[in-house]
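See below for the structure under consideration.
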Amino acid sequence: MESALAPGMNVMKTFEPPLEELVGRRVSGVRRVGKMPVVEFGDLALLIHLMSAGRLKAFDKRASAKDRASRVLVRLEDGRELQLREFGTKQRAWAKLLPAGAIGEDEMVATLGPEAWPPPPLDAFAAAIDQPRHLHPLLRNQRTIAGIGRSWVDEILWEARLSPFKKGSELDEEETERLHAALHVLGDAIDHYEETIGEQVPDKVPMPLQVHRREGEPCPRCGTTIEAVFFSEHQTNYCPEEQTGGHVLKDRRLSKLLK
Ligand SMILES: [Zn+2]
């Protein structure tokens, strides 16, 4: 490690130890907790939250100082650079440099529910989702179950043939089992990426999605037109035939305004 900089104004959520502590160290491991990548440098580790527009990637070339997407730049001695970049105007991605042994105690990590992949045992999953909340926000809540984002929640619910507006506590045993089994969607996605992406990860990785953002297209399973509904500011897509008993759901954002 040659140098470590944080051009992103508010990206670092910790100040002690400073990023310069990484100089002279080696990357000793890369792992994931929930949706957050962790890059280990011996007894220090960088915990990163990409939010929706952040990307973590090693580049052959170093970023220019003018690059406005740069948030954290870790310069390696072989000329490459590990870059946390974020697209769009908002700075939401963040990083924390922590003692490697303290990652588990960080509040973002300590409050995570069980990991969605590999799936938790069925009874632990059933207990986690037994809440009177709609499945769409419930499954995306990292404290309920960790690792599911807004694209994959649509895919998982479609795979399980469950409505995004069904509540966790309303599921019967068979539905809970179906939802638990549908978590394989995440493993399939990882397998897909491992097969299709080589050493250079493109900025926009085509996601193997069946329903998310595919409104107006036929359901790959039954041919019914995929619908979209907004849940607060998030779009969710579903197959009305298989997930909502043939009903096309009202736009919740709109119906809130009309109340
Ligand atoms: Zn369908």
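General remarks:
- By accessible area, using a 1.4 Å probe on protein heavy atoms only, the chain has 51% of its surface on carbon and sulfur.
- Restricted to Cα atoms, the range 1-84 shows a radius of gyration and a Dmax of 12.0, 32 angstrom.
- The residues of the chain expose, per residue, 54 Å² of accessible area to a 1.4 Å probe.
- With the whole protein complex present, Glu217 retains an accessible surface near 80 Å², based on a 1.4 Å probe.
- Translational diffusion of the range 91-247 was estimated from the Stokes-Einstein equation, with Rh taken as the Kirkwood radius over Cα pairs; at 10 °C and 1.306 mPa s the coefficient is 94 µm²/s.
- Each listed q (0.13, 0.14, 0.17, 0.19 Å⁻¹) maps to a log10 I(q)/I(0) for the range 169-243, found by the Debye formula over equal Cα scatterers with no solvent: -0.56, -0.64, -0.90, -1.04.
- Sparse-neighbour loop sites [chymotrypsin sites (Phe, Trp or Tyr not before Pro); the range 1-70; at most 11 other C-beta within 10 Å; DSSP]: Phe15
- Label point distance in nm, Glu194-Ser3, each placed 7 Å from Cα along Cα→Cβ: 3.8 nm
- Virtual spin-label span in nm between Met108 and Asp130, 7 Å along Cα→Cβ: 3.1 nm
- Cα gyration tensor, the range 115-163 - rounded (a/c under 1.5), prolate or oblate: rounded
- With Cα atoms defining each centre, the range 2-68 and the range 155-183 are spaced 36 Å apart in the structure.
The values are calculated or read from the model by the stated rules, or taken from the named source; none is laboratory data. All values derive from a computational prediction rather than experimental measurement. Positions of Cβ are backbone-derived with ideal geometry, glycine not excepted, and every protein chain shown enters the neighbour counts. Note: accessible area is taken over every heavy atom of the protein model, side chains too, but ligands, DNA and RNA are not part of it. Shrake-Rupley method; radii C 1.70, N 1.55, O 1.52, S 1.80 Å.
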